[in-house]
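Some notes on the structure that comes next.
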Amino acid sequence: MNPIFKDKKLDERLTTHGYLKIPLLTPALTQSLLDLYHSSVRGEEVKNSQYGLYVTLEEFDTEKSLEIENQVEQLISDQLDRYFEPYKTHLGGYLIKNPDPNGYTYPHQDWTFVDHNHYRSVTVWIALMPITQKNSTLGFARNSMTTFTHPVGTPVTIMKSGTTGHEFTVYEYLDFIDIQPGEAFVFDNRIVHAATPNTSQHSRIAYALTLSPPSAPLLHYLYARNEAGEDDLIKLAVDKAFFHDYTIEHADDLYERNELPKGYRVLSREKPTWSPMPSSALETYLTENQLQRNGLCISHHHTNPTTEKTSLTARIKQWISWKK
């Protein structure tokens, strides 16, 4: 599997745990990213979606979101180059979580971006302010990338992942970590992760982008119905622009019309192999990885929007690629 970090100890930590925290940006660069955020959203209504956060890549048009991504990468490329082996980037944007005591981000995995038989990709999630459990930090399930291995994609309300049905239990075992401005979580895109609600009085602001090896073709998995009306699992060859054009709403609309994204090659089409994880298998994972309860739980009156059956107009903007 391709190394991610130049530092062997950091790469070993990523391999064994699936996540870690690094000091990435200087205070001046952190402020530059904050300034760019404020100038970018000036005049916009920044409010949480149904899924609990506001994401510039989803909210802005393709041209504007690409411009933001390019500006940020110009600012932080030297810092990325210090830490990481050669990489290509995609899926960059600001993640804003406004105060909402019920704004949980449920345990989930990011979309599958590369062939995990040969490559791995990571999200670099940069804090632009102090972030704790009170204002929606992230929590991770250690080594979960080796247990939950099914491809993840769209539509997010239909395509199930390994955590489906176990979100409430998994949340109670996640490692929630405080993070300071300029620090970054780096995590394998297969790792199960979630976020606490923002119960503070202020918006939480972060920036995230995805890194993958230059030689790794970018992929996207999605469901489309076959002639019998049953879902097939489609693997598409995609590019960086795909993730700016292909929003959650767009994915839902294409599924409803039983159409595939235009201009992208179908690499495979097969019957889905997903099946629910037995509770005993989850218990084995928790025990073998020595995960301990964190003292947190999701209020049981709260409905998980990724599993609730909703109308097309209600299925809005879940940041499954790296929604946090």
Counting only the backbone N, which residues of region 81-104 are under 15 Å from the spot 7 Å out from the Cα of Tyr119 toward its beta-carbon? 85-91
Choice from Asp110, Asp245, Asp81 showing the highest fluctuation, given a GNM over the chain with Cα pairs closer than 10 Å: Asp81
What is the Cα centroid distance between region 78-105 and region 146-198, reported in whole angstrom? 14
With region 1-70 reduced to its Cα atoms and the Debye formula applied, log10 I(q)/I(0) at q = 0.24 1/Å amounts to -1.00
Bin width 10 Å, origin at 0, all Cα-Cα pairs of region 61-175: what percent of pairs per bin? 9, 33, 40, 17, 0
Counting only protein heavy atoms with a 1.4 Å probe and every protein chain in place, the carbon and sulfur fraction of the accessible surface of the chain in whole percent equals 49
To the nearest 10 square angstrom, what accessible area does His108 show with a 1.4 Å probe? 10
Please give the length that would be gained between Thr169 and Lys134 if that part of the chain were fully extended, namely 0.36 nm times their separation in residues minus their C-alpha to C-alpha distance (nm, one decimal). 10.6 nm
Relative packing of peptides 253-262, 136-145, 186-195 - highest average C-beta neighbours within 10 Å first: 186-195, 136-145, 253-262
Evaluate the charge dipole of region 77-197 about its Cα centre and quote only its size in Debye, nearest 20, assuming +1 on the Cβ of each Lys and Arg and -1 on the Cβ of each Asp and Glu. 180
Check: the chain dipole with +1 on Lys, Arg Cβ and -1 on Asp, Glu Cβ, in debye: 500
Relative contact order of the chain, pairs being alpha-carbon contacts under 8 Å that are 6 or more residues apart, as %: 26
Can you give the local net charge around Lys88? Use residues other than it whose beta-carbon is closer than 11 angstrom to its beta-carbon, Lys and Arg +1, Asp and Glu -1. -1
Of the listed pairs Lys47/Lys134; Lys88/Lys160; Lys8/Lys271; Lys21/Lys160, those with alpha carbons more than 30 Å apart are Lys8/Lys271
Which of these, Thr30, Thr284, Thr199, has the largest mean-square fluctuation under a Gaussian network model of the chain (Cα springs below 10 Å)? Thr284
Hey, if you put +1 on the Cβ of every Lys and Arg and -1 on every Asp and Glu Cβ in the chain, which of Gly165, Ile234, Leu75 ends up farthest toward the positive end of that dipole? Gly165
Between Thr169, Thr210, Thr154, which gets the highest mean-square fluctuation from a Gaussian network model of the chain, Cα cutoff 10 Å? Thr169
For Leu267, Leu222, what's the largest-to-smallest order of accessible area, 1.4 Å probe? Leu267, Leu222
Anything in the chain that counts as a DSSP H helix reaching 18 Å or more along its axis (C-alpha) with Kyte-Doolittle mean of at least -0.5? List them, would you? 27-41
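Output needed for the chain: three equivalent-ellipsoid semi-axes, defined as square roots of 5 times the C-alpha gyration tensor eigenvalues, in descending order, whole Å.
Values: eigenvalues 140, 109, 94 Å².
Computed over the chain, the values are 26, 23, 22 Å.
The values are calculated or read from the model by the stated rules, or taken from the named source; none is laboratory data. Here the structure is a predicted model, which means the values were calculated and not measured. Positions of Cβ are generated from backbone atoms using ideal geometry, with glycine treated the same way; all protein chains shown enter the neighbour counts. Just the protein is used for accessible areas: all its heavy atoms, side chains included, with ligands, DNA and RNA removed. Shrake-Rupley method; radii C 1.70, N 1.55, O 1.52, S 1.80 Å.
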